[in-house]
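Quick note: the coordinates plus some simple rules give every number you see, no bench work behind them. Because the structure is predicted, anything quoted here is derived from the model rather than measured. Methodologically, a virtual Cβ is constructed for each residue, glycine included, from the backbone with ideal geometry; neighbour enumeration extends over all protein chains shown.
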Amino acid sequence: MAKIFCIANQKGGVGKTTTAVNLAAGLTVLKKRVLLVDLDPQGNATMGAGVDKAKLESSVYQVLLGMTDVKSALQTSESGNFEVLPANRDLAGAEVEMIDLEQRELRLRHALAEVQGDYDFVLIDCPPALSMLTLNGLCAAHGVIIPMQCEYYALEGLSDLVNTIKIVHAKMNPDLKVIGLLRVMFDPRMMLSQQVSIQLEKHFGEKVFKTIIPRNVRLAEAPSYGIPGVIFDPASKGAQAYTSFGEELVDRIAAL
């Protein structure tokens, strides 16, 4: 049965999509069966996995509204060798259309239940907001991976997200827990980055992943080719870091 993880942080530009796509590819390299769910109307994870969001006949939007099932909407990332439940701009209208639906926050959970046995990991790339889409992701997941930059504003937003996770855990999804915090786009030359990193380790302890993802040009270039950075340039520091993160995540899950 698949372990389902949200990649979530309501702050934009913190590397959620980069983490989701490269973790999916990294886990595939480790011979794991992976499904990447794109819950962001921007569809960046879809494009980063090499799937053309402009040519989709069905997507996660139709799945959430009950117009099709997950298997019918699946696409394959040819470059990453994992499957994708894609998204495009249609998803922007889902929040309004879901208002009158019963159990609207559980739509994704019910949809994924049909394919959960087909994968080892399901990774959900959430939008940068605490919205109905993000709530669907949190209600469907066993745990949350929080990518964050080591800067002051990131700390401010982190407390809001942790409080939301606690509420969802208490009222909607008792299985939900914080799996860990992943430090991304890390620049060791900046004193602030080092200070915030130390603060995180002091406050969250073992919840902070040991792997640190550095700022890396090759990771930034890869999406324009529709190839995960882990595959685009396996020798780059960013790719090696995400591969190490995949290994650390597998080890952490085995120990739970």
- How high is the relative contact order of the chain, given as a whole-number percent (alpha carbon pairs under 8 Å, six or more residues apart)? 26
- Message: I'd like to compare 10-18, 225-233: which one has the highest average count of other Cβ atoms within 10 Å, and what's the full order after that?
- Response: 225-233, 10-18
- Message: Within segment 128-150, name every residue whose backbone N is under 19 Å away from a label modeled 7 Å from Cα of residue 206 along the Cβ vector.
- Response: 143-146
- Label points 7 Å out from Cα along the Cβ direction at residue 52 and residue 192: separation in nm? 4.2
- Message: For segment 33-143, take every pair of Cα atoms, bin their distances at 5 Å starting from 0, and report each bin as a whole percent.
- Response: 2, 13, 26, 28, 20, 9, 2, 0
- Message: With both bridge residues required to lie in the chain, what share of the DSSP beta bridges run antiparallel, to the nearest 5%?
- Response: 10
- Task: Just report the Cα centroid separation between segment 94-119 and segment 27-91, whole Å.
- Result: 15
- Item | Computed over the chain, Kirkwood Rh from alpha-carbon pairs, angstrom | 18.0
- Task: Report the net charge of residues surrounding residue 126, where surrounding means a beta-carbon distance below 9 angstrom and charges are Lys +1, Arg +1, Asp -1, Glu -1.
- Result: -1
- Task: Just rank 55, 207, fewest to most, by other beta-carbon atoms within 10 angstrom.
- Result: 55, 207
- Magnitude of the Cβ-charge dipole of segment 3-255, K/R +1 and D/E -1, about the Cα centre, nearest 20 debye? 680
- Message: Can you give me the distance in nm between label points at residue 177 and residue 72, each placed 7 Å from the Cα along the Cα-to-Cβ direction?
- Response: 3.7
- Message: Debye calculation, C-alpha points only, no solvent: report log10 I(q)/I(0) for segment 139-182 at q = 0.21, 0.23, 0.30 Å⁻¹, in the same order as the q values.
- Response: -0.67, -0.77, -1.06
- Query: Could you put 209, 204 in order, starting from the residue whose Cβ has the fewest other Cβ atoms within 10 Å?
  - Reply: 204, 209
- Could you give the nm distance between label points at residue 129 and residue 81, where each point is 7 Å from its Cα heading toward the beta carbon? 3.8
- Note on the structure: Using eta = 0.890 mPa s and T = 25 °C, Stokes-Einstein with Kirkwood Rh from Cα pairs puts D for segment 105-246, in µm² s⁻¹, at 147
- Message: Using Cα-Cα distances under 8 Å and only pairs 6 or more residues apart, what relative contact order does segment 1-54 have, in percent?
- Response: 25
- For 148, 190, what ranking results if the residue with the fewest other Cβ atoms within 10 Å of its Cβ goes first? 190, 148
- For a paramagnetic label modelled at 7 Å from the Cα of residue 31 toward its Cβ, which residues of segment 220-255 fall within the zone defined by backbone nitrogen distances under 19 Å? 243-255
